[in-house]
Amino acid sequence: MSDLSERELNRVRLRFLDLVKSFFAVQPDAEIMGRWRGIITALEKEAINPAMDHAVLLLAEMLAKMNLEQIREEFYTLFADPFSQNTMETTASFYIDGRCYGQTLVDFREYLKEAEIGKYRDITESEDSLVLMLDVMVTLVEENDKQGKDNLALQARLLGGFLVPFCTLFCQQLRENPAATFYSGCADYLAAYIELEQELMLDNE
């Protein structure tokens, strides 16, 4: 990936972001699952890095073995069922502070103000939820050409200050969750994506 131009690299990053966000945004339907299969099949042909290659292989195996209803039921159990004993919180505050709506949310709201990014319309989730934090990264990557070094600094703060500490704990708990089969593979993909972003940020220092 280091051989790509900055613009090409950002297009690749947006594809990774789009896929990881789609795993956690909504309960999948047939169209989404078909799209996953197409993207994962394409990624299987690429050599990215060991962590991402392993995650892609694992997801390909599970998408071949599991049907839509099984994955939909797993999503509901993990992320939507209020009575599930295996439910997963998806906010940074829960993992970093030990409770929802903690100091991390306060800090993230301040970060959004500094980045001049408002709350997204039609979203009822806390701003420090995984999907919204990924949305912010998408916005920053899309605006990279306009903002230059200031934008890269904002990306680095989002990654190091919020996504890395959150994802480290979230992915670990998701892998250990007895109800997570397909989404354990999604945790591996998310962790591999974060690793890629960390490598890119180091290259830009």
Open item on the list: Applying a 10 Å radius around every beta-carbon, put 17-29, 180-192 in order of their mean neighbour count, most first.
Closed with: 180-192, 17-29
Open item on the list: For a quick check: with amide H placed at 1.01 Å from N, whose amide H comes under 5 Å from Glu127's, ignoring anything fewer than 5 positions away on the same chain?
Closed with: none
Open item on the list: Under 8 Å for C-alpha pairs, at least 6 residues apart: give me the relative contact order for the stretch 46-145, rounded to a whole percent.
Closed with: 16
Task: Of Leu9, Phe24, Gly160, farthest towards positive along the dipole that unit charges on Lys, Arg, Asp, Glu beta carbons give the chain - done: Phe24
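May I ask for the percentage of alpha-carbon pairs in the stretch 26-91 that lie more than 20 Å from each other? List each step's numbers first, then the result.
Details: 867 of 2145 pairs.
Of all Cα-Cα pairs in the stretch 26-91, 40 percent lie more than 20 Å apart.
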Task: More than 18 angstrom apart: percent of Cα pairs within the stretch 5-129 - done: 66
Task: Cβ-placed point charges (K, R +1; D, E -1), dipole of the stretch 123-199 about Cα centre in debye, nearest 20 - done: 140
TODO: Pick out which of Ile117, Ile71, Ile40 has the largest mean-square fluctuation in a Gaussian network model of the chain, springs linking Cα atoms closer than 10 Å.
DONE: Ile117
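How long are the semi-axes of the ellipsoid equivalent to the stretch 17-57, from square roots of 5 times the Cα gyration tensor eigenvalues, in whole Å, largest first?
Details: eigenvalues 82, 27, 10 Å².
Result for the stretch 17-57: semi-axes of 20, 12, 7 Å.
Run the dipole for the chain about the Cα centre, Lys and Arg Cβ at +1, Asp and Glu Cβ at -1, nothing else charged, and hand back the magnitude in debye, nearest 20.
On the way: 19 positive and 36 negative charges, 49 e Å.
Magnitude of the dipole: close to 240 debye.
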- [ ] Answer with one residue from Ile117, Met137, Pro178: the one whose Cα lies farthest towards the positive end of the charge dipole of the chain, charges on Cβ with Lys, Arg +1 and Asp, Glu -1.
- [x] Pro178
Task: Relative packing of peptides 95-107, 44-56 - highest average C-beta neighbours within 10 Å first - done: 95-107, 44-56
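Every number here is computed from the coordinates shown, using simple stated rules; none is lab data. Everything numeric in this text was worked out from a predicted model, so none of it was measured. So basically every Cβ, Gly included, is an ideal-geometry build from the backbone, and we count neighbours across all protein chains shown.
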